[in-house]
Amino acid sequence: MSDTEIEAVPDDRAFFAPALTWKPDEDTKFTLLGEYSASKSGGNPAYYNDSYGHVSNYINGDPAFTDLIHKQGRIGYEFEHKFNDTFTFRRNARFSTQDIDAKYTYIWRRNPADPTLLDRGAGRDIQRLNSLVIDTQFESRFDTGPLDHTLLAGLDITTVRYNALSGTGDIAPLDTLDLNYGDPITSPTLTSKVHQSQVQTGIYLQDQIRYDAWTLTLGGRYDWVSTDTDNTDLSSGALDSLDQTDGEFSGRIGLTYETSFGVAPYASYSTAFSPNVGFNKTTNAPFKPTTSTQEEIGVKYLLPDANVMLTAAVFNIDQENGLFYEASHTGTVQVQRGKLRSKGVELEATSTLDNGLSFTAAYTYTDLRILEGPSNTIDNYVSSVPFHSASAWVDYTAPDDSPLHGWSGGFGARFAGSSYGDDTNTLKNTGRTFFDAALRYDFAALNSKFDGVKLQINATNIFNRQDTTCTSGYCYRDQDRTVIGSLRYTW
């Protein structure tokens with residue numbers, strides 16, 4: 001249980017994930033997996049924007065009506081049986097359920113007749129999502145002359161049941177001269193109900209082919225998706241039933257060459273298809289599937305006798321019908337954008353040295369633009385995506401013969417460069433750097449009977465920098481300094 005910088009907005013989390021593996025012999029393995037998590041936070045943990053680009057000191061949420069409760073449970077299994085050195089069978093299954101109950105308030109303007117009052121509304125969303133996934137696959141390892149093959153073929157089926165109730169309404173304005181946070185707020189009437197059933201069936205085939213220092217990966221997949229949606233206006237009782245069918249081929253090809261001196265250049269091309277669950281309130285229709293293509297060329301270099309890995313890559317990604325959140329008079333709504341293109345460069349270096357020191361450093365340049373969308377945004381940059389971002393982290397573990405044996409820790413920095421605050425590119429977010437640190441102690445250093453007991457303290461944004469980032473109609477302050485301590489026992 002924990003609090004946040006905003007009064008009456010908790011950050012409470014519970015997580016439990018048991019697992020059990022049974023191996024009757026060396027060729028058969030069955031793992032049972034379970035998971036349960038519950039969290040409670042604020043329905044609108046943000047500040048009112050007096051004008052776009054300016055964050056006021058007035059909290060959008062209200063402690064009288066601000067809970068966001070999320071519960072999730074999963075249970076499943078992973079089964080694998082190796083018939084011989086050539087054939088392996090796998091089947092994985094998972095059932096999951098999620099429940100969300102969101103109560104929130106929002107400020108949407110200064111009252112035109114009395115600027116000391118801020119007009120507000122309240123909303124409630126109740127959602128449940130149940131899904132069952134079953135994936136069956138066969139793997140075959142064989143040779144054809146000088147070529148080594150790892151062939152994977154499979155079928156997976158996913159069924160989803162989604163239910164959502166929602167409603168919004170006006171509530172008493174916020175009096176800035178005598179703040180009336182905490183006054184009773186009546187839950188708004190639920191006016192919309194969505195019930196959705198979706199079935200996705202996919203077949204796939206992949207072959208990884210090795211020849212000398214070359215590795216070629218070829219893969220293809222075809223998906224069939226059927227989505228049935230009932231959208232009910234609870235105010236009038238009007239029902240719209242919509243059926244949507246989608247199908248798409250997606251695939252990938254990748255080639256890698258491993259040199260004798262540690263350099264491995266590679267290139268890849270892939271397409272992706274992902275159906276979406278939910279209802280688009282701006283078009284009164286189910287969401288379309290999200291599709292994308294990606295091209296990437298890069299190189300990896302493992303320095304001989306240095307335990308240092310260097311990687312560099314250039315990429316280009318085109319995405320259609322991605323899901324995003326945008327501001328509206330009744331809070332935040334989920335919308336689909338036409339087409340985006342992201343291209344850029346990624347650089348990374350990692351190392352683990354014999355003296356207990358390790359480090360990682362990364363840099364990314366991203367050019368993310370809108371190719372299809374509102375006319376005043378075409379060829380503009382997508383809001384809140386930094387052009388430049390970088391991070392560095394140094395970690396140290398004291399050696400066994402040191403007086404500090406058992407202690408370890410690290411220090412690092414994260415840089416987010418400037419970005420635009422809106423898709424019309426009329427407002428800019430400034431760049432900023434955050435510093436983080438960690439301190440750990442392994443109690444096994446005191447006595448071997450404490451093996452598995454570890455203390456850890458993590459601190460993020462330790463200098464408490466709080467700049468403003470604007471995106472999709474809202475502006476936010478950076479998360480303030482956060483310190484989390486944990487005591488763990490593993491066995």
*What chymotrypsin sites (Phe, Trp or Tyr not before Pro) does the range 49-97 have in DSSP loop regions with at most 13 other beta carbons within 10 Å?*
F83
*Where a Cα-Cα gap under 16 Å defines reach, which lysines qualify for K23, not counting those fewer than 8 residues away within the same chain?*
K82
*Amide H within-cut-off set for A46, under 5 Å, with H built and near neighbours excluded*: N60, G61
*asked:* Output needed: percent of Cα pairs per 20 Å distance bin for the chain, bins running from 0 to the one holding the longest distance.
replied: 16, 49, 32, 3, 0
*asked:* Below 8 Å, C-alpha to C-alpha, sequence gap of six or more: please give me the relative contact order for the chain in percent.
replied: 7
*Take the cross-link list K71/K454; K40/K193; K71/K103; K193/K281; K71/K281; K288/K339 and give me the ones stretching past 20 Å between alpha-carbons.*
K71/K454; K40/K193; K71/K281
*When the chain is fully extended, how far beyond the present Cα-Cα distance does V299 get from S235, taking 0.36 nm per residue of separation?*
17.1 nm
*asked:* Starting from 0.36 nm per residue, how many nanometres of slack lie between D401 and F435 once their C-alpha separation is accounted for?
replied: 9.2 nm
*Can you figure out the FRET efficiency of D178 with A285, using R₀ = 45 Å and their beta-carbon distance, to the nearest 0.05?*
0.50
*Rounded to whole Å and sorted largest first, list the principal axis extents of the Cα atoms in the range 68-173.*
84, 30, 16
*For K300, go through the aspartates and glutamates and keep the ones whose alpha-carbon is under 15 Å away, minus same-chain ones fewer than eight residues off.*
E258, E346, E348
*asked:* For a test of the definition: using alpha carbon positions, the gyration tensor, and the 1.5 limit on a/c, classify the range 287-363 as rounded, prolate or oblate.
replied: prolate
*Could you work out how far the C-alpha centroid of the range 47-64 sits from that of the range 71-119, in angstrom?*
27
_Euclidean distance between Cα centres, the range 273-336 to the range 372-411, Å_ = 19
*To the nearest 0.05, what FRET efficiency results for L242 and F324 with a Förster distance of 25 Å applied to their C-beta separation?*
0.70
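Each reported figure results from applying straightforward, stated rules to the coordinates on display, with no laboratory input. Owing to the predicted nature of the structure, the values given are computational and were not obtained by experimental measurement. Methodologically, a virtual Cβ is constructed for each residue, glycine included, from the backbone with ideal geometry; neighbour enumeration extends over all protein chains shown.
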